[in-house]
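Enquirer: Structure in structure tokens, see below.
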Amino acid sequence: MSESKTIFEKIIDREVPAEILMETDDTVVIKDINPQAPVHVLVVPKRKIEHIASMGETDAGIVANLLLTATAFARENGIPSYRLVINNGALAGETIHHLHIHLLAGREMSWPPG
Ligand code: 5GP
């Protein structure tokens, strides 16, 4: 039985509209629909991995590519200061079970995060 697609898979397959700001062979960068900062984008692997906790050693390249895409996005858009966030688990705020990195920028960030 095949699982239903996540919203991010539907965006990647162009079945649901989204602002896709950057695309590589294995990642997309999309604008978050509910931005928490002047810049709030999501770096998403095209291959669905449920969350960071389900990654294995063979997925190391995907994590590296996600980080490289995030930093390339910041560099190409002249964003010197930014925060990268991965939420894992409901208590941490994970709502979409398709791994993604949040890139937030354009305002002062507090620490620790709430
Ligand atoms: P999480 O809470 O899983 O770490 O992050 C999920 C993110 O996806 C949230 O920031 C939420 O605003 C964003 N999001 C949820 N649905 C959509 C959608 O349909 N389109 C876009 N572009 N972002 C979405």
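Enquirer: Take the conditions at pLDDT 95 or above, more than 20 Å from Ile12 (Cα to Cα) and within 16 Å of the ligand (Cβ to nearest atom) and apply them to Ala70. Does it pass?
Expert: no
Enquirer: Moving on. What are the pairs with Cβ atoms under 7 angstrom where one residue, in the range 9-25, is within 13 Å of the ligand (Cβ to nearest atom) and the other, located anywhere, is in a loop (DSSP other than H, G, I, E, B) and β-branched (Val, Ile, Thr)? Sequence gap at least six, or different chains.
Expert: Final answer for the pair search is Lys10/Val16.
Enquirer: Can you pull out the residues in the range 88-112 that are exposed (fewer than 10 other Cβ atoms within 10 Å of the Cβ) and closer than 24 Å to Ile7 by Cβ?
Expert: Ala90, Leu91, Thr95
Enquirer: With respect to the numbered conditions (1) open to solvent by less than 60 Å² (accessible area, probe 1.4 Å); (2) under 13 Å from the mean Cα position of the chain (by Cα); (3) more than 10 Å from the ligand (Cβ to nearest atom), which one is the sole condition not fulfilled by Leu84?
Expert: (1)
Enquirer: Just to be sure I understand, how many residues within the range 61-110 are farther than 22 Å from Thr24 by Cα and among the basic types (Lys, Arg)?
Expert: Residues that pass the stated criteria total 1.
Enquirer: Can you pull out the residues in the range 26-67 that are in contact (Cβ under 8 Å) with a residue 24 or more places away in the chain and in a loop (DSSP other than H, G, I, E, B)?
Expert: Those that are in contact (Cβ under 8 Å) with a residue 24 or more places away in the chain and in a loop (DSSP other than H, G, I, E, B): Asp26, Asp32, Gln36, Ala37, Pro38, Lys46, Lys48, Ile49, Glu50, His51, Met55.
Enquirer: Looking at the structure I just gave you, is Pro45 open to solvent by 60 Å² or more (accessible area, probe 1.4 Å) and more than 9 Å from the ligand (Cβ to nearest atom)? Lay out the reasoning, then the answer.
Expert: On the way: open to solvent by 60 Å² or more (accessible area, probe 1.4 Å): no; more than 9 Å from the ligand (Cβ to nearest atom): yes.
The answer is no for Pro45.
The values are calculated or read from the model by the stated rules, or taken from the named source; none is laboratory data. Quantities reported herein were computed from a predicted structural model and do not represent experimental measurements. So basically every Cβ, Gly included, is an ideal-geometry build from the backbone, and we count neighbours across all protein chains shown. Surface accessibility is based on the protein's heavy atoms, side chains included, excluding ligands, DNA and RNA. Shrake-Rupley method; radii C 1.70, N 1.55, O 1.52, S 1.80 Å.
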